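The structure appears right after this line, and notes come after that.
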Amino acid sequence: MAPQHATVRALRLTLAVAASAALLAGCTTTTVMGRGPMDGGSTAVGGMMGGNGNGNGNGFGNGAGNAMLAPLTCAAPTDLPGARVTVTLADMGMSRMMGGTAPMGARMSLTAEPTTVPSGQVSLVVDNRGWRTHELVVLPLSAGAAVGERVPGADSKVDEAGSLGEASNSCAAGAGEGIASGAAGWVTLTLAPGHYELVCNLTNHYANGMRQELVVTG
Ligand SMILES: [Cu+2]
């Protein structure tokens, strides 16, 4: 009985609020004016979720189920040498998680901008906008091989033989224990012309989609 009464009261309250809103709207010149701020607010959120906040796509497109991106807690230096490639890591986690182990099938992405750079010094700046720990490893892509073809081993990681370097430190350069959610990592490498595969090699992350081609021109 009591829950029903509560429901009825809630309904009455809702109606009362709606009626007040209607009256208020009536007092203003148009109802469109009253709705403006709400529309603007939702558009702003949509923009952030679409990955426009940092000037990069987040790899999840504009469809339903976009991931909210984790806010960055630090940024790479602006004066790193050579061509600068910004790599954005993202995943569908809902809250910050320590460690990077993920189940198979978890949606994750690794995108780079630009994906073609001239040979020589290349500084990879890696923003972890995901909610899990991630990393960036630069692997050579042999002639005729395509991104995503590597077969993970029993440890659900791909072979890192021939690795040219990695960014796996939080708010620091080079190799470390992984880039924590919201942190940036970076590394400057000297890359010869060729094709490379940028991967995150934490458990299951490669299979879950964290790979991207980088083309280095002569
Ligand atoms: Cu990852």
Within segment 132-180, which GluC sites (Glu not before Pro) sit in a loop by DSSP and count at most 15 neighbouring Cβ atoms inside 10 Å?
Glu149, Glu160, Glu177
Would you please name the trypsin sites (Lys or Arg not before Pro) within segment 89-155 that are DSSP coil residues with at most 13 other C-beta atoms within 10 Å of their C-beta?
Arg96
Potential extension, Asp79-Thr115 segment - 0.36 nm per residue separation minus Cα distance:
11.0 nm
The distance between the Cα centres of segment 174-218 and segment 128-148, in whole Å, is 4
Kirkwood Rh and Cα-based Rg: tell me the resulting Rg over Rh for segment 168-218, rounded to two decimals.
1.01
What Kirkwood Rh does segment 80-147 have if only Cα atoms enter the pairwise 1/r average? Answer in Å.
13.7
Return a whole-number percent for the relative contact order of segment 43-217, with Cα pairs under 8 Å and 6 or more residues apart as the contact set.
27
Express the Stokes-Einstein translational diffusion coefficient of segment 43-217 in µm² s⁻¹, to the nearest whole number, given a Kirkwood radius over alpha-carbon pairs, 37 °C and a viscosity of 0.692 mPa s.
206
Segment 131-176: Rg/Rh from Cα coordinates, Kirkwood Rh?
1.01
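Bear in mind that the values in this text are calculations on the coordinates, not laboratory data. Quick caveat: nothing in here was measured; it's all calculated off a predicted structure. All Cβ positions, glycine included, derive from the backbone under ideal geometry; neighbour counts span all protein chains shown.
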